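As structure tokens, the structure follows; a few thoughts come after it.
The values are calculated or read from the model by the stated rules, or taken from the named source; none is laboratory data. Computed from a predicted structure; not experimentally measured. Here Cβ is always computed from backbone atoms with ideal geometry, including for glycine, and neighbour counts include all displayed protein chains. These accessible areas exclude ligands, DNA and RNA; they are computed on the full protein's heavy atoms, side chains included. Shrake-Rupley method; radii C 1.70, N 1.55, O 1.52, S 1.80 Å.
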Amino acid sequence: MTSTPYLRNLIIETPSKPGNFAKVAYAIGKLEGDIGDIQTIKVGTLSTIRDVSVQCNDAEQLDKIVEAINAIGDGIQVQAISDDVLRAHEGGKIHMKGKVEIRSLGDLRRVYTPGVANVCKVIEKDPQQAQFFTGISNTVAIVTDGTAILGLGNIGPVAGMPVMEGKAVLFDQFAGISGIPILLDTSDPDQVVETVKHIHQGFGGILLEDIGSPHCFEIEERLKAELNIPVMHDDQHGTAVVALASTLSACRQAGVKLGDSVVGQIGLGAAGLAISRMMMAYGVKKMQGIDMNEQALERLLQYGGTTAESLEEIMATSDIVIATTGVQGLIKPEMVRPGQIILALSNPHAEIQPEAALEAGAAFAADGRLVNNVLGFPGIFRGALNAKTTKITYDMLIAAALAILDSTKHGDLVPHPLDPNVHQNVADAVEKAANLSSL
Ligand SMILES: NC(=O)C1=CN([C@@H]2O[C@H](COP(=O)(O)OP(=O)(O)OC[C@H]3O[C@@H](n4cnc5c(N)ncnc54)[C@H](O)[C@@H]3O)[C@@H](O)[C@H]2O)C=CC1
Ligand SMILES: CC(=O)C(=O)O
Ligand SMILES: [Mg+2]
């Protein structure tokens, strides 16, 4: 074995007959795979499925082992190959669970029929009562069309489902909100808007997620205008909130004013345009951006930003650089200017590794694992739902950014996402800002 073993779990189906698993074990051993834990997942009359942990030297050795097992014949088959991350996703990450337990017939009659009919009638008479007698006001739809899943591009909504389930877990854990993924098989703004409008009554808010640009802009604007519940595109505003908080945090530590700094935005899609707008709303006087797409550049100009000619130019002339292109390794270490603040926010892989940027002279550097909209969206929706507001306004977003900044420990760029205080602080600040703006 090498010092970094390649450990995978093989999900293997064998006809339920003595000796079959011995054949599998022999095939693995013959190719020098090391069998670890064996878990029987299912024993049926016809077949048995086991989860077998196998340690190899590399992927090539594992491929050979899988081939050898499949070649045994007699119905023996590797059904799936799993690893730690895949295992955490087996069966999905979320599950709709009842809040009340039914232990008796009395419970059944209270929770379901005939008792429930009375609650229906109460709501029929006064629809506002649904706020109290259903979970609607604590449920947020996580809507995607799958066109910009992280930086993986247009991989479709089903392939994007693990991200949506992840957002639902974060909603639950950090804000006590039920997040329900909604996968759309259309990206046409008319159809998306129409669909969301038709289902919105079951939700207290709408989180748009990983919907690519430019159609995300029209979809969000129209839904905000046409629905009477909070709507927010996370990749735009959740990201902008966290980008503002982290740049303010870096400026505070460096003793410089954000407003006086030159900010360069690389990639002006959903995240990049919203970050640029947020920076300008906060008072950044020189906001410059680049993108490969002419229309993306036009949009920045319309909002009052300026454009640069090249990546090299933006790197050479910006005090703060933020990148949201989805392109791993786009920023080369030799482009980094000493003392620069660099936020390379693309997931799953950054435009430059923070360590490489710091080594090249950056004063602060972070990637999308640290500076991530997980610090924003749970608390923003908790605050908006608590305030029973119908809109998420710019004031609420700025309040969220300042709450993240205030929750940041000295020496850190942003708070730890598992610090429960940060989500509570964001929620409180957003609720307060919502209440102030409704006065
Ligand atoms: N850390 C965080 O919390 C977040 C990170 N992101 C990341 O940001 C990235 C972009 O996401 P979205 O804005 O939603 O996607 P998007 O598809 O709307 O925008 C990407 C933009 O980058 C531009 N671009 C691509 N390659 C470029 C290059 N070589 N030079 C200049 N521009 C280039 C595209 O033309 C497009 O305008 C993704 O990797 C995503 O994971 C997005 C939201 C939150
Ligand atoms: C974090 C996130 O929303 C993204 O990378 O798309
Ligand atoms: Mg996203």
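Key figures for this structure:
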quantity: Aspartates and glutamates with Cα under 16 Å of K93, excluding same-chain neighbours fewer than 8 positions away; calculated: D83, D84, E165, D172
quantity: Long-range tail of P(r) for the stretch 42-191 (Cα pairs > 20 Å, %); calculated: 71 percent
quantity: Contour excess over end-to-end distance, with Cα ends at D84 and E60 and 0.36 nm allotted per residue; calculated: 6.8 nm
quantity: Residue among L184, L385, L405 with the largest mean-square fluctuation in a Gaussian network model of the chain, springs linking Cα atoms under 10 Å; calculated: L184
quantity: From phi via Karplus (6.51, -1.76, 1.60), per-residue ³J(HN,Hα) for the stretch 279-285 in Hz, x at Gly/Pro; calculated: 4, 5, 4, 7, x, 5, 7
quantity: Label-to-label distance, nm, for residues given as V256 and A25 (7 Å Cα→Cβ offset); calculated: 6.4 nm
quantity: Per-residue HN-Hα couplings for the stretch 329-340 [Karplus 6.51, -1.76, 1.60; θ = phi - 60°; Hz; x = Gly/Pro]; calculated: x, 4, 8, 8, x, 5, 7, 6, 9, x, x, 5
quantity: Calculated FRET efficiency for the pair Q328/Q201, C-beta based, R₀ 41 Å, to 0.05; calculated: 0.50
quantity: Cα centroid separation, the stretch 402-433 to the stretch 126-145 (Å); calculated: 26 Å
quantity: By average C-beta atoms within 10 angstrom, highest first, the peptides 428-436, 244-252; calculated: 244-252, 428-436
quantity: Semi-axis lengths, Å, the stretch 135-229, gyration tensor of Cα atoms, sqrt of 5 times eigenvalues; calculated: 19, 18, 10
quantity: Per-selection Kirkwood Rh - the stretch 84-173 (Cα, Å, 1 d.p.); calculated: 16.3 Å
quantity: Mean separation of Cα contacts under 8 Å, 6 or more apart, over the residue count of the stretch 239-439: relative contact order %; calculated: 19 percent
quantity: Cα-based Rg and Dmax for the stretch 247-341, where Dmax is the largest Cα-Cα distance (Å); calculated: 12.4, 36
quantity: When the convex hull of its Cα atoms is projected in every direction, mean area for the stretch 341-435 (nm²); calculated: 6.4 nm²
quantity: The stretch 6-89: projected area of the alpha-carbon convex hull, averaged over directions, in nm²; calculated: 5.0 nm²
quantity: Burial ranking of peptide ranges 194-204, 74-84, 108-118, 222-232 (average Cβ count within 10 Å, highest at the top); calculated: 222-232, 194-204, 74-84, 108-118
quantity: Heavy-atom accessible surface of the stretch 1-142: percent carbon and sulfur, 1.4 Å; calculated: 55 percent
quantity: Fraction in percent of alpha-carbon pairs per bin - 10 Å, the stretch 39-129; calculated: 12, 24, 19, 13, 14, 13, 5
quantity: Å² of accessible area per residue within the stretch 208-252, as computed with a 1.4 Å probe and no ligands counted; calculated: 23 Å²
quantity: Contact order relative to length of the stretch 1-144, as percent, for alpha carbon pairs under 8 angstrom and 6 or more apart; calculated: 24 percent
quantity: Hz values of 3J(HN,Hα) by residue in the stretch 394-407 - Karplus curve (6.51, -1.76, 1.60), Gly and Pro given as x; calculated: 4, 4, 5, 5, 5, 4, 5, 4, 5, 5, 5, 4, 5, 8
quantity: Lys, Arg +1 and Asp, Glu -1 on Cβ, resulting dipole of the chain about Cα centre, debye, nearest 20; calculated: 1580 debye
quantity: Residues with amide H under 5 Å from that of V231, placed H, sequence gap 5 or more; calculated: I206, I392
quantity: The stretch 2-111: GluC sites (Glu not before Pro) in DSSP coil with no more than 14 other Cβ atoms inside 10 Å; calculated: E32, E90, E101
quantity: Cross-link partners of K64 among lysines (Cα-Cα below 18 Å; sequence separation of 8 or more within a chain); calculated: K23, K30
quantity: Amide hydrogen neighbours beyond the local backbone of V262, cut-off 5 Å, H modeled; calculated: D319, I320
quantity: Net lengthening on full extension, I38/E355 (0.36 nm per residue, minus Cα-Cα); calculated: 110.2 nm
quantity: Kirkwood hydrodynamic radius over Cα pairs of the stretch 239-439, then Stokes diffusion coefficient at 25 °C and 0.890 mPa s, in µm²/s; calculated: 146 µm²/s
quantity: Aspartates and glutamates whose Cα lies under 20 Å from that of K17, excluding same-chain neighbours fewer than 8 positions away; calculated: D51, D74
quantity: Nitroxide proxy distance, nm - points 7 Å out along Cα→Cβ at S47 and Q295; calculated: 4.7 nm
quantity: Mean projected area (nm²) of the alpha-carbon convex hull when the chain is viewed from all directions; calculated: 27.1 nm²
quantity: Restraint check, K167/K391; K167/K286; K197/K388; K167/K224, Cα-Cα greater than 26 Å; calculated: K167/K286
quantity: Gyration tensor (Cα) of the stretch 373-413, equivalent ellipsoid semi-axes in angstrom; calculated: 22, 10, 8
quantity: Solvent-accessible area, 1.4 Å probe, carbon plus sulfur percent, for the stretch 259-406; calculated: 53 percent
